[in-house]
Amino acid sequence: QEGHQLWLRSKESLPVTVICTMHSPTLTIAEQELRNGWQGESGATVKLTIKKNKALKSDGFRLDKNMIEATTDLGILYGVYSLLRRQQTGEKMIGTISNPSYQIRILNHWDNLDGTIERGYAGHSIFWRKTNPFVVTLKDKALWKAYARANASIGINGAVLDNVNASPKILSENYLNRVKSIADVLRPYGVRVYLSVNFASPISLGGLKTADPLDSSVIMWWKNKVKEIYSLIPDFGGLLVKASSEGQPGPQQYGRTHADGANMLADALKPYKGVVMWRAFVYTANDDDRAKQAYNEFMPLDGKFRDNVIIQVKNGPIDFQPREPFSPLFGAMKKTSIMPELQITQEYLGHAVYLVFLSTMWEECLKSDTYQQGEGSTVARCTDGSIYPQKYTAIAGVSNIGLDSNWCGHPFAQANWYAFGRLAWNDTLSSSQIADEWLKMTFYKDASKKLRERNYKIDWTKNFLKPVKQIMLESRETAVNFMMPLGLHHIMSANGHYGPGPWWAPKGVRPDWTPPYYHQASSNGIGFDRTAKGSDAVSQYHQPLATEFNNLATCPEIFLLWFHHLPWNYKMKNGRTLWNALCYHYDKGVKQVHRFQQEWDNLKPFVDSAQFKLVQLKLSQQYDNAVLWKDACLLYFQQFSKMPIPKDITPPVHKLKDIIANEFKHRND
Ligand code: BDP
């Protein structure tokens, strides 16, 4: 299936001779890929050379005329994929030296052992299933191989195979044997396996009375478990832990800290060079602003973690919302390895329905200046080793793939997997370049064939690449406009997190799980006051940001209602009232989706017809949902603002009470 080949759709290749004097499974793959995909000079001879080169990190490579040089087999493989990409995109090749920004470039699969995927919108797990869970079929292996190849082609070198809400069963013998089978397939492609573990495993799996990280029987249990894992998988990567968060067990239950818990596991992994990725996604139901809690809990622990512990921090302080400022932990923890966690699966961004190219959101985060070590201390530089000498550098993306025939549910969602890999390799890349590469590799073949058949001359770059790239680059801001503009956040419907739900607040539910906690709308106004007079979350940011966010005159309007509670008639910079500004943002988002639809309709000659229709259908569903978001939010907030919707905006087509009554019919799972 075309969709299943992602950006690796094979083109007619030209003859090439590959010379490589060394041998290994990885090098064999490298040679084959080069022969199967060569688009350069016909009959050329290409040399693959492994040798010392001080300019190259272990996964890095150098490209020159008909030669690829690296210090490791994997470096050669990455060089081959890079070269093939450049042949298709026309990007510069000769004299290129490329080193990865992060050492560990890893996907987090939120895959449950029964085959379902938490926040997965592309079918069931490729790793786990309910029936015959321990049989490894040829089909399984072929799929894992295709998965490994796709990852390697963009530089991803790690995969956490199970959900952060982890089942203790993952560490039982049967499951570990399956993990070994997966690792064996992934290995030649350089993708190491990691596991999420449940902190209470010593109790539920090991039969111990406690999971206290300072208890000697607990320490011994983990040591033995880690030893068992490495006896099966000698290059096992390490463990990911969600502890004391959203009901998961953790060291706090025993009066211990995150550092006690993480260090205990780190000690067990150390002899094997394994790492612990410990998540900072923690918040409890107390009066403290949720946006502040991770920082408050982790900052005092800076310097207390072993050097093989990496703290995994979501890009924003709350939870993968369409837009958040960066988490204040980036750059602030100076003696601890910190890794960004991005969400590739579109939990809060329209599942597999919306066309949203997430690269621009990640770029915005990575390029945000934390000022922690002076100007230019971007989130990227604070985490990739440029500023702090952390032993391990890493970046994680919560995967969006499943058994669907196109892996990701939406043809354009593949671009998000691609973008994550590319940014993990090079955190300074622009989204424009990434979109360009992906479009050329994914769609050019279709187009050229169609155009040849129809024999008419259309400039592919002008008529396809340019408009589609523009749609991609605008798509995230579009979603922000019709969902949560001006710094609004967490106002989606409960559970499914797809449609609008700013009203949702049943009695007895934790306030910090309900939208009204975040938007604070009343007749006085709207927004969460995080200024010095409010929760003072602003003070977690380094100057000049703390002051910039605190002051209305300097707070960027994209974060206005994130940091400020303002009256409905507050005057925006363009002179509009806040209420009118909200109305125009929602309306603009809807209009943008409508424009995407019209533009896509023009592109039929360029795209394989099944893909064309699928995107067309999804855009129309996105349009319907955008209208719903706009109507729901404007009608709901209007109850408080009591102000009219501007006349030049299409009036709501739904009634608020109908939307509320139907809330859970809209894609809530
Ligand atoms: C939230 C998801 C939930 C995850 C949690 C996490 O809704 O399913 O378990 O994040 O990251 O966004 O642990």
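No value in this document is a laboratory result; all are computed from the given coordinates. Everything numeric here is computed off the predicted structure, so don't read it as measured data. Glycine also receives a Cβ, built like all others from the backbone with ideal geometry; neighbour counts cover every protein chain displayed.
Quick one: which of 107-120, 79-92, 602-615 comes out on top by average Cβ neighbours within 10 Å, and what's the full order, highest first?
For the peptides 107-120, 79-92, 602-615, the packing ranking is 107-120, 79-92, 602-615.
Mind pulling the per residue volume of the convex hull built on the Cα atoms of the chain? Å³ is fine.
Given the Cα convex hull of the chain, per-residue volume reads 163 Å³.
For a quick check: with amide H placed at 1.01 Å from N, whose amide H comes under 5 Å from Gly534's, ignoring anything fewer than 5 positions away on the same chain?
Here nothing satisfies the definition.
How far apart, in nm, are two points set 7 Å out from the Cα along the Cα-to-Cβ line at Lys169 and at Asn551?
5.8 nm
Using the Cα centre of the chain as origin and beta-carbon charges of +1 (Lys, Arg) and -1 (Asp, Glu), tell me which of Gly40, Ser24, Tyr194 is placed farthest towards the positive end of the dipole.
Gly40
I need the calculated FRET efficiency for the pair Lys573 and Lys642, taking r as the beta carbon distance and R₀ as 35 Å, to the nearest 0.05.
Once the sixth-power term is evaluated, E becomes 0.90.
³J(HN,Hα) across the stretch 542-556 via Karplus (A = 6.51, B = -1.76, C = 1.60, θ = phi - 60°), whole Hz, x for Gly/Pro?
Per-residue couplings from phi come out as 6, 5, x, 5, 4, 5, 4, 6, 5, 8, 4, 5, 10, 5, x Hz.
With each pseudo-label sitting 7 Å past Cα toward Cβ, what's the Lys227-His654 distance in nm, one decimal?
5.9 nm
Within the stretch 3-98, count lysine pairs with alpha carbon atoms under 25 angstrom apart where the residues are 8 or more positions apart or belong to different chains.
15
Round to the nearest 0.05 the FRET efficiency obtained for Gln520 and Arg35 when R0 = 60 Å and r is the Cβ-Cβ distance.
0.45
Over the stretch 517-579, what is the relative contact order in percent, taking alpha-carbon pairs closer than 8 angstrom and at least six residues apart?
Relative CO of the stretch 517-579 lands at 33 percent.
Among all the lysines, which ones have a C-alpha under 16 Å from Lys533's C-alpha, if same-chain residues fewer than 8 places away are not counted?
The qualifying lysines are Lys292.
Ranked highest first by average number of other Cβ atoms within 10 Å, how do 527-538, 18-29 line up?
So the order, starting with the most tightly packed, is 527-538, 18-29.
Cα to Cα, under 18 Å, and not fewer than 8 places away if on the same chain: which aspartates and glutamates meet these conditions relative to Lys647?
Partners found: Asp587, Asp631.
Would you please state which residues of the stretch 285-312 a label at Arg510 would reach in this model, taking the label point 7 Å out along Cα→Cβ and a backbone N cut-off of under 18 Å?
What the label zone holds, given the 18 Å backbone N cut-off, is 285-298.
Can you tell me the length gained on complete extension of the stretch Ser216 to Ile19, counting 0.36 nm per residue apart and subtracting the Cα distance?
Using 0.36 nm per residue and subtracting the Cα-Cα distance, I get 65.4 nm.
Within the chain, what percent of beta bridges assigned by DSSP are antiparallel, to the nearest 5?
Taking every DSSP beta bridge within the chain, about 25 percent pair in antiparallel fashion.
Please find the FRET efficiency linking Thr96 to Gln433, where r is the Cβ-Cβ separation and R0 is fixed at 25 Å, and quote it to the nearest 0.05.
0.95
At a threshold of 8 angstrom on Cα-Cα distance, excluding pairs fewer than six apart, so keeping six or more, what relative contact order does the chain reach in percent?
The normalised contact order for the chain reaches 11 percent.
Ratio to report: Rg/Rh of the stretch 104-429, with Cα atoms as the point set and Rh obtained by the Kirkwood method; give two decimals.
Radius of gyration relative to Kirkwood radius: 0.94.
How large is the charge dipole for the chain, taken about the Cα centre, if only the Cβ atoms of Lys, Arg (+1) and Asp, Glu (-1) carry charge, to the nearest 20 debye?
Taking the Cα centre of the chain as origin, the dipole is about 1120 debye.
Can you list the HN-Hα couplings for the stretch 203-219, worked out from phi with the Karplus curve (6.51, -1.76, 1.60; θ = phi - 60°), rounded to whole Hz and with x for Gly and Pro?
7, 6, 9, x, x, 6, 8, 9, 10, 4, x, 9, 7, 5, 5, 5, 4
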